1. Working only within the range 22-36, note down all residues that are in contact with a Pro (Cβ under 7 Å, 6 or more places away or on another chain) and either among the polar types (S, T, N, Q) or within 9 Å of the ligand (Cβ to nearest atom) (or both).
2. How many of the residues in the range 239-251 are free of Cβ contacts under 8 Å to residues at least 12 places away in the same chain, of a type in the set (A, V, I, L, M) and surrounded by 10 or more Cβ atoms within 10 Å (Cβ to Cβ)?
3. Within the range 224-238, is even one residue of a type outside the set (S, T, N, Q), surrounded by 10 or more Cβ atoms within 10 Å (Cβ to Cβ) and at pLDDT 90 or above?
4. Condition (residue is near the ligand (Cβ under 10 Å from one of its atoms) and either crowded, with 22+ Cβ neighbours inside 10 Å or assigned by TED's automatic domain parsing to the domain that holds LEU191 (or both)) applied to the range 42-49: is it met by at least one residue?
5. If you scan the range 152-189, which residues turn out to be more than 20 Å from the chain's Cα centre (by Cα) and free of Cβ contacts under 8 Å to residues at least 24 places away in the same chain?
6. I'm told ALA105 meets every condition in (1) surrounded by 15 or more Cβ atoms within 10 Å (Cβ to Cβ); (2) more than 27 Å from LEU140 (Cβ to Cβ) except one. Can you identify the failing condition by its number?
7. State which residue is surrounded by the most Cβ atoms within 10 Å (Cβ to Cβ) when the search covers only the range 109-147 and only residues that are away from the ligand (no atom under 12 Å from the Cβ) and touching a residue at least 60 places away in the same chain (Cβ under 8 Å).
Amino acid sequence: MKIVVTVKLVPDPNAEKKINAQTKRLVRSGVETVLNPYDEYALEAALQLKERAGGDSRVTVFSMSPEPLRETLRKALAMGADDAVLLSDSGLEGSDVWATAYAIAAALRKLEFDILLVGGLTDDSSTGAVPGALAEHLGLPCVTNARKIDVTDSGLQVERETDLGYQTVHAPLPALLTTALTFGEPRYASLKGIMGAKKKTIATTALGELALELPVGTAGSKTELRSFAPPPPRGKGRTVEAADGTTGAQAIFEFLEEKKLV
Ligand SMILES: Cc1cc2nc3c(=O)[nH]c(=O)nc-3n(C[C@H](O)[C@H](O)[C@H](O)COP(=O)(O)OP(=O)(O)OC[C@H]3O[C@@H](n4cnc5c(N)ncnc54)[C@H](O)[C@@H]3O)c2cc1C
């Protein structure tokens, strides 16, 4: 079984995020780059599937990122991925969701896979739009929010999490899946894994090898970022003082009524 996992390299979620006022892009320099946390769950799912399938199963990690960030992918290799492919090209700068998904899909067409595992969301841009766009470009069934994945004779049986409970879905292979955070904690890289990752391959590909029919980068983007603003600071709030529970409940009710919430 061949599994590909998409991994976005994002600024450390714990670091303070700044926007460059001129380019309106996230400032990435001076901030540590890490694997997008959701993608670690997708990678964990891939590694578990590989372990269960055995044989010559392989997990390849794919990322569209600037070349200087390539070594960040070693963590995925240390966790257990067999190899990595990096799509890197200055012509990708300024790509919006459409252009990003179009370029990633073209690069993925060059890789053979039975299962494409994609994180549900990124920690920086957080649109959650890339998985659906990739499935559309690649003509794959798209099963989101998977918390349990089983390979069957006819494809996949997936238990997916919804707001109302769990659904069991069947899909033929090849298929695209996103993982729920309840799938299971991503594993830590062992010392052996970290040492072994140094010898694993990170192949690089560029736009010239993809023979794209449409432009990407700023020219190929269908959206334009007009402005970027932090949320307004929170107001002081109101303290409700009450002598006992009954008058307190009444005061809270009147407050909610005033806000037209009840
Ligand atoms: C006008 C405009 C210009 C932009 N310019 C830039 C820019 O110059 N540089 C820049 O970095 N961003 C830029 N962005 C942001 C960029 O479009 C998004 O980061 C990108 O489309 C992915 O969207 P997302 O992060 O919301 O992914 P989501 O849809 O939230 O991601 C879901 C999953 O898709 C996969 N995925 C997403 N992106 C990648 C990736 N790059 N590689 C591998 N897997 C991936 C991951 O598995 C991830 O968990 C720009 C956005 C706009 C609107």
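1. LEU26, ARG28, THR33
2. Let us first name the residues in the range 239-251 that are free of Cβ contacts under 8 Å to residues at least 12 places away in the same chain, namely 239, 241-251.
Next cut, of a type in the set (A, V, I, L, M) only: 242-243, 249, 251.
Of the ones still in play, those that are also surrounded by 10 or more Cβ atoms within 10 Å (Cβ to Cβ) are 242, 249, 251.
Number of matching residues: 3.
3. No, every residue in the range 224-238 fails to be of a type outside the set (S, T, N, Q), surrounded by 10 or more Cβ atoms within 10 Å (Cβ to Cβ) and at pLDDT 90 or above.
4. Let us first name the residues in the range 42-49 that are near the ligand (Cβ under 10 Å from one of its atoms), namely 42-43.
Now restrict to residues that are either crowded, with 22+ Cβ neighbours inside 10 Å or assigned by TED's automatic domain parsing to the domain that holds LEU191 (or both): 42-43.
Yes, the range 42-49 contains a residue that is near the ligand (Cβ under 10 Å from one of its atoms) and either crowded, with 22+ Cβ neighbours inside 10 Å or assigned by TED's automatic domain parsing to the domain that holds LEU191 (or both).
5. Within the range 152-189, the first condition is being more than 20 Å from the chain's Cα centre (by Cα), and the residues that meet it are 152-157, 164-173.
Matches in the range 152-189: THR152, ASP153, SER154, GLY155, GLN157, LEU164, GLY165, TYR166, GLN167, THR168, HIS170.
6. The number of the failed condition is (2).
7. Once the filter is applied, the top-ranked residue is ILE115.
For every residue, the table says whether it meets (1) more than 9 Å from the ligand (Cβ to nearest atom); (2) of a type in the set (Ser, Thr, Tyr); (3) under 19 Å from TYR188 (Cβ atoms).
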| residue | (1), (2), (3) |
| --- | --- |
| GLU40 | yes, no, yes |
| SER63 | no, yes, no |
| THR72 | yes, yes, yes |
| ALA78 | yes, no, yes |
| ALA81 | yes, no, yes |
| VAL85 | yes, no, no |
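The values are calculated or read from the model by the stated rules, or taken from the named source; none is laboratory data. Note that the structure is predicted; figures quoted are calculated from it, not measured. All Cβ positions, glycine included, derive from the backbone under ideal geometry; neighbour counts span all protein chains shown.
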